[in-house]
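Report on the structure given below.
The values are calculated or read from the model by the stated rules, or taken from the named source; none is laboratory data. All values reported here derive from a predicted model rather than from experimental measurement. As a convention, Cβ positions derive from the backbone with ideal geometry for all residues, glycine included, and neighbour counts pool all protein chains shown.
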Amino acid sequence: MSNPLLQDWNTPYGLPPFARIEAAHFAPAFEAALAEHRAELDAIAQQSATPSFENTLAAFDRSGRLLTRLEHLFYTLAASATSPELQAAQRALAAPLAAHGNAVYMHAELFKRVDALHAERQALGLAPEQLRLLERVHLDFVRAGAKLQGESQRRYAQVVERLAELHTLFAQNVLADESGYQLLLQGDEELAGLPDFVRAAARQAAVDRGLGEGVHAITLSRSHIVPFLTFSERRDLREQAWRAWVGRGEKAGETDNRAVAQEILSLRNEQARLHGHACYADYALADTMAGTREAVQGLLTQVWEPAKAAAQAERELLEGMMVSMGHRFELQAWDWRFYAEKVRKARYDLDEAEVKPYFPLDAMVQALFDCAGRLFGLRFVAKPEVAGYHADVKVYEVQSADGAPRGVFLQDNFARATKRSGAWMNALRWQARNEIGAIPVILNNNNFAKGAPGEPTLLSFDDARTLFHEFGHGLHGLLSNVEYERLSGTQVLRDFVELPSQLFEHWMSEPEVLKKHARHYQTGAVIPDALLAKLKAAELFNQGYETVRYTASALVDMAVHSLTDEQGPDITEFEARTMAAYGLPAAIGMNHRLAHFQHLFAGSGYAAGYYVYMWAEVLDADGYEAFVEAGSPFDPQVAQALLNHIYASGNSREPREAYRAFRGRDAVVAPMLRGRGLLPA
Ligand SMILES: [Zn+2]
């Protein structure tokens with residue numbers, strides 16, 4: 001009983017007693033928590049009372065709390081404060097945790113009760129949120145295969161298992177093609193145009209590969225190839241590198257992904273049919289806000305033509321630049337980035353070093369809290385006496401306008417060796433009333449480079465946006481106001497989850513917010529309007545190109561997952577035919593070609609789902625328009641509606657209905673197109 005993970009936590013806010021926790025505590029604690037959860041589920045399933053919402057659904061929502069508490073903590077430490085011991089525990093626990101997840105949703109007796117309630121759900125007299133929980137949990141079971149019987153259940157398990165193998169193989173083949181390629185550069189001739197940071201990275205890659213003095217290597221990792229295509233003056237080398245990059249996964253031989261993708265597509269068709277759907281896209285979209293292929297296709301086709309038109313206008317600028325440089329040939333895909341950079345430099349010439357002094361981290365954090373206060377009445381009170389899992393973690397008590405504690409916010413802003421890269425939000429405890437009875441504990445992680453000792457940390461414009469983005473997710477967790485844990489916070493559908501985060505980014509670039517908070521860290525001067533205008537204009541440049549590339553990949557994703565043939569297609573031929581039909585300009589190309597499209601084939605999470613980024617962007621752009629229409633970025637009525645229907649409602653309502661309740665109508669696409677500069681402002 002000396003294991004702190006299994007004890008009650010009598011700490012401020014019931015936070016984990018971080019200082020007392022060791023990696024070795026996790027394995028025995030998980031063993032106990034898994035056993036406890038299994039026993040709870042058996043007790044629900046085997047009780048003699050006839051199924052009721054309370055004794056089955058509410059009880060299911062309350063089950064596994066010890067396990068959830070443990071998983072939240074384990075995930076938090078593994079992501080933000082890892083160690084070799086914790087990594088070993090992660091490897092050892094992956095299989096038993098996955099097996100447990102499977103066992104929960106394949107619990108036949110338990111599903112029988114859920115299914116029985118679901119069948120008579122309209123007659124049960126449930127409150128809307130209870131009905132939502134019942135439908136949600138039922139769907140969780142069904143999508144995991146609980147409805148399948150006998151042979152089809154066995155076959156389903158085989159399909160899922162084979163898909164997991166193929167996903168891994170697909171990713172490894174892409175990786176092998178990337179690491180198997182190098183473009184060697186020697187001498188000034190071959191390095192022409194490359195700035196110091198590209199040369200340094202290329203030299204480092206050469207050293208990593210054991211190559212001798214004076215050699216530079218360009219690899220196919222995105223952080224190498226994109227700068228190379230942007231800056232290299234050697235058109236012949238750009239073409240070589242481009243062809244290798246877009247050919248990943250399509251080279252005959254051991255790493256050829258064409259047959260792998262074909263088998264994945266065949267198996268997904270089978271999976272969809274076992275679930276009673278005609279194609280995989282129908283199966284995947286059934287659990288999204290978009291709901292149907294028509295809805296997704298409708299969005300993508302509305303974007304496609306304006307994006308192509310904007311890209312055509314950009315092309316004319318690039319061709320003008322080519323003429324002025326005396327370059328007389330047809331613009332090709334390996335030229336676009338190079339001439340776009342020349343145009344960007346000539347038109348905007350923005351210097352990062354000029355921008356950063358206006359974005360000190362501390363001031364931007366105050367900007368977050370100020371916006372949350374003005375919109376939702378929240379106050380963030382620093383609690384330096386409360387310890388997080390690392391000295392850099394700042395703990396805040398989040399209070400309602402009346403001073404009542406509403407949540408706990410942990411912000412962990414700096415990069416370090418024990419933290420994974422990127423930025424994210426997660427929970428140590430979700431808000432819920434169903435016998436949790438405690439306020440939520442929500443985290444934000446960023447990976448900013450800490451300022452030198454005694455110096456402030458300065459953010460780029462992009463960094464500041466990331467800070468606001470993650471804080472938007474954080475508010476979605478902190479403001480949650482639901483009964484049931486399964487429906488709390490950000491546990492919403494994948495094409496809805498980025499709405500609260502992307503929406504919050506809009507306040508970051510509001511002049512009213514910038515004038516107050518974006519001040520030079522030495523002089524206190526407000527960021528100049530001219531600099532701001534330059535920043536925004538530079539952001540819009542080349543959006544036609546970027547949008548065409550993204551949308552092309554999203555269109556092919558939808559097309560290939562809409563096929564109903566038992567046998568998956570030859571992906572190279574299918575992609576060429578599909579893109580020819582849409583009229584993809586050859587000088588632009590796609591973000592991801594099918595043979596290396598890892599969103600689709602290295603896992604199922606984004607299969608028939610690459611559209612979600614743009615879907616959420618439609619919602620956030622249209623949602624922010626509500627404030628523009630009201631005449632103030634802090635209009636109290638709009639803010640109240642936003643709180644009630646979006647930030648507080650978690651997954652307790654159908655997302656389309658929640659959005660309509662907030663906006664009074666469905667979202668329209670035009671604000672997103674204007675935001676990307678694809679329609680006149
Ligand atoms: Zn996000």
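Give me a count of the residues in the range 460-490 that are of a type outside the set (Asp, Glu), in a loop (DSSP other than H, G, I, E, B) and more than 14 Å from the ligand (Cβ to nearest atom). Steps first, answer last, please.
Of all residues in the range 460-490, those of a type outside the set (Asp, Glu) come to 460-461, 464-469, 471-482, 484, 486-490.
Now restrict to residues that are in a loop (DSSP other than H, G, I, E, B): 460, 479-482, 484, 488-490.
Narrowing further to those that are more than 14 Å from the ligand (Cβ to nearest atom): 460, 479-482, 484, 488.
Going through the range 460-490 one residue at a time, the tally reaches 7.
Would you list the helices (runs of 4 or more DSSP H) that sit entirely within the range 558-632 and hold 3 or more residues that are modelled with pLDDT of 95 or more and over 26 Å from Tyr545 (Cβ atoms)?
Result: 612-630.
Of the residues in the range 270-307, how many are within 26 Å of the chain's Cα centre (by Cα), crowded, with 16+ Cβ neighbours inside 10 Å and outside any loop (DSSP other than H, G, I, E, B)?
Residues in the range 270-307 being within 26 Å of the chain's Cα centre (by Cα), crowded, with 16+ Cβ neighbours inside 10 Å and outside any loop (DSSP other than H, G, I, E, B): 19 in total.
Could you count how many residues in the range 424-459 are closer than 21 Å to Phe376 by Cβ and within 16 Å of the ligand (Cβ to nearest atom)?
Of the residues in that region, 6 qualify.
Specify the residue that is surrounded by the most Cβ atoms within 10 Å (Cβ to Cβ); the eligible residues are those in the range 491-521 that are aliphatic (A, V, I, L, M) and within 16 Å of the ligand (Cβ to nearest atom).
If we take residues in the range 491-521 being aliphatic (A, V, I, L, M) and within 16 Å of the ligand (Cβ to nearest atom), then Leu499 is surrounded by the most Cβ atoms within 10 Å (Cβ to Cβ).
So which of Leu169, Leu163, Leu185 ends up being surrounded by fewer than 19 Cβ atoms within 10 Å (Cβ to Cβ) and in contact (Cβ under 8 Å) with a residue 24 or more places away in the chain?
Result of the check over Leu169, Leu163, Leu185: Leu169.
For the range 7-59, how many residues are assigned to a loop (DSSP other than H, G, I, E, B) and aliphatic (A, V, I, L, M)?
Here the count works out to 3.
Can you confirm whether the range 646-662 contains a residue that is part of a loop (DSSP other than H, G, I, E, B), within 20 Å of Ser509 (Cβ to Cβ) and touching a residue at least 60 places away in the same chain (Cβ under 8 Å)?
Checked the range 646-662: no residue is part of a loop (DSSP other than H, G, I, E, B), within 20 Å of Ser509 (Cβ to Cβ) and touching a residue at least 60 places away in the same chain (Cβ under 8 Å).
Kindly list the number of the only condition in (1) modelled with pLDDT under 95; (2) buried (at least 20 other Cβ atoms within 10 Å of the Cβ); (3) not in a helix (DSSP H, G or I) that fails for Phe409.
Status for Phe409: all satisfied but (1).
Out of curiosity, is Arg374 over 21 Å from His506 (Cα atoms) and either at pLDDT 95 or above or assigned to a loop (DSSP other than H, G, I, E, B) (or both)?
no
Kindly evaluate Thr255 against the criterion of being within 19 Å of Tyr611 (Cα to Cα) and not in a helix (DSSP H, G or I). Even if it seems obvious, please write down each step before you answer.
Details: within 19 Å of Tyr611 (Cα to Cα): no; not in a helix (DSSP H, G or I): yes.
When the stated conditions are applied, Thr255 does not pass them.
Suppose we filter the range 197-217 for residues that are surrounded by fewer than 18 Cβ atoms within 10 Å (Cβ to Cβ), touching a residue at least 12 places away in the same chain (Cβ under 8 Å) and under 15 Å from Glu178 (Cβ atoms); how many remain?
1
Among Asn446, Asn434, which is the only one that is closer than 17 Å to Phe369 by Cβ and at pLDDT below 95?
Asn446
If you check every pair at least six apart or on different chains, which have Cβ atoms under 6 Å apart with a residue in the range 486-510 that is under 20 Å from Ala427 (Cβ atoms) and free of Cβ contacts under 8 Å to residues at least 60 places away in the same chain first and a residue that is small (Gly, Ala, Ser) and more than 14 Å from the ligand (Cβ to nearest atom) second?
none
Residue check: is Asn413 of a type outside the set (Val, Ile, Thr) and either more than 16 Å from the ligand (Cβ to nearest atom) or out of contact with any helix residue (DSSP H, G or I) (no Cβ under 6 Å at 6 or more places or on another chain) (or both)?
yes
Say we look at the range 218-247 and pick out the residues that are outside any helix (DSSP H, G or I), of a type outside the set (Ser, Thr, Tyr) and modelled with pLDDT under 95; which of these is surrounded by the fewest Cβ atoms within 10 Å (Cβ to Cβ)?
My answer is Leu220.
Take Arg65 and tell me if it is under 30 Å from Glu657 (Cβ atoms), free of Cβ contacts under 8 Å to residues at least 24 places away in the same chain and not aromatic (Phe, Trp, Tyr).
Details: under 30 Å from Glu657 (Cβ atoms): yes; free of Cβ contacts under 8 Å to residues at least 24 places away in the same chain: no; not aromatic (Phe, Trp, Tyr): yes.
No.
Within the range 73-106, how many residues are farther than 19 Å from His37 by Cβ, part of a helix (DSSP H, G or I), touching a residue at least 40 places away in the same chain (Cβ under 8 Å) and not small (Gly, Ala, Ser)?
Final tally of qualifying residues: 4.
Just to be sure before I move on: is Ala382 buried (at least 20 other Cβ atoms within 10 Å of the Cβ), more than 30 Å from Met590 (Cβ to Cβ), out of contact with any Pro (no Cβ under 8 Å at 6 or more places or on another chain) and modelled with pLDDT of 95 or more in the structure I sent?
Here the answer is no, as Ala382 does not meet what is asked.
Test Val142 against the stated conditions and say whether it is under 30 Å from Glu109 (Cα atoms), of a type in the set (Val, Ile, Thr) and at pLDDT 90 or above. If you could, list the steps in order and put the result at the bottom.
On the way: under 30 Å from Glu109 (Cα atoms): yes; of a type in the set (Val, Ile, Thr): yes; at pLDDT 90 or above: yes.
The answer is yes for Val142.
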